Amino acid sequence: MSELVREPGETTAEQGEAEVASPEPGSGILRVFGRQMKRFRLRAGLDRAEFGGRTGYSTATIAAYEQGRRVPPPRFIDVADELLDAGGVLQEMKDEVARAQYPAFFRDAARLEAEAVELHAYDTHVVKGLLQTEEYARAVFTMRRPLLDEETIEQRVTARMLRQEIFSRWPAPLMSFVIEEAALRRPIGGAGVLRGQLEQILLIGQKRNVEIQVMPMVREDHAGLAGPFTLIETKSGQRIAYAEVQKSSHLYTERTPVRELEAQYGIIRAQALTPRESTAFVEGLLGEV
């Protein structure tokens, strides 16, 4: 059935929206998911209003999912697959659909991050996304320029929180983070949000597979002046480096640039406070907030 055929419960506005293709790169998986879900819905003899009523979503939201204009949450995909007797077809696309929540320039890095057996990161301006609280992440996305709409902000926050499942994986990946002192002092979202963020850093730092270090501003020697980056080792033993600035990113897979960044990270860690000293430092910052 063509998307331009009006169905029971579909408004003229929703029908017109079917002609609008999402400009977001990577939205192809959303359109594929939406077409598959619509096919299963029609097979089940449900219009959008009936399907929305059974899943707890509005007709407009179901239309947006089917037309690839919004990212359906994992819980909805599970419910839809079971309700429509899709035999796991919709659930098989869940990981790819989830990655569509990320900005286009971060999707490859997100996939590699989820598969990492080792992850090491150096950050300068804000706390690493993997360490962020929901409130801190929302404040970061709210401050983006040009402005993001509220729906995009919530999608990005949800996606960022899902990335933190890496901390509950087993076998646990080995992770380390070096954070600039300036990022820990910057009250993004206000003093209350910063306090919660500092507390989260202390909490995550207690995990046996995680080490967190602070690079103090008083250091005269500093090997990280070229900016933030992340080092990843995958299950297959591939070593990768990831760096981004503004809306551009680069994945380094050739051995020479990766080795150079690995050496640089080793020097940065040596110049930073030790994990124990860093814990005491963050505790001191908490007393100042």
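Only a single criterion out of (1) over 27 Å from LEU147 (Cβ atoms); (2) of a type outside the set (D, E, K, R); (3) touching a helix residue (DSSP H, G or I) at 6+ places or on another chain (Cβ under 7 Å); (4) not in a loop (DSSP other than H, G, I, E, B) is not satisfied by VAL97, namely (1). Considering only residues that are assigned to a helix (DSSP H, G or I) and open to solvent by less than 20 Å² (accessible area, probe 1.4 Å), look in the stretch 78-94 and name the one that is farthest from ARG54 (Cα to Cα). Going through the qualifying residues, I end up with LEU90. Can you name every residue in the stretch 121-155 that is assigned to a helix (DSSP H, G or I) and acidic (Asp, Glu)? Within the stretch 121-155, GLU134, GLU135, GLU150, GLU151, GLU154 meet the criteria. Listed by position, the helices (runs of 4 or more DSSP H) enclosed by the stretch 181-289 that each have at least 1 residues that are open to solvent by less than 30 Å² (accessible area, probe 1.4 Å) and closer than 18 Å to ALA116 by Cβ are 191-204, 255-271. Among the residues of the stretch 156-176, those that are in a helix (DSSP H, G or I), of a type outside the set (Val, Ile, Thr) and open to solvent by 40 Å² or more (accessible area, probe 1.4 Å) comprise ARG160, MET161, LEU162, GLU165, SER168. When only residues in the stretch 117-154 that are within 13 Å of the chain's Cα centre (by Cα) and of a type in the set (Ser, Thr, Tyr) count, which is surrounded by the most Cβ atoms within 10 Å (Cβ to Cβ)? Here the residue is THR133. When restricted to residues that are within 26 Å of PRO171 (Cα to Cα) and polar (S, T, N, Q), the stretch 235-277 contains 4. Annotation note: of VAL97, VAL71, the sole residue that is open to solvent by less than 10 Å² (accessible area, probe 1.4 Å), within 30 Å of HIS250 (Cβ to Cβ) and in contact (Cβ under 8 Å) with a residue 40 or more places away in the chain is VAL97.
The values are calculated or read from the model by the stated rules, or taken from the named source; none is laboratory data. Keep in mind it's a predicted model, so treat the numbers as computed, not measured. Note that each Cβ is placed from the backbone with ideal geometry, even for glycine, and that neighbours are counted across all protein chains shown. Only protein heavy atoms, including side chains, enter the accessible area calculation; ligands, DNA and RNA are left aside. Shrake-Rupley method; radii C 1.70, N 1.55, O 1.52, S 1.80 Å.
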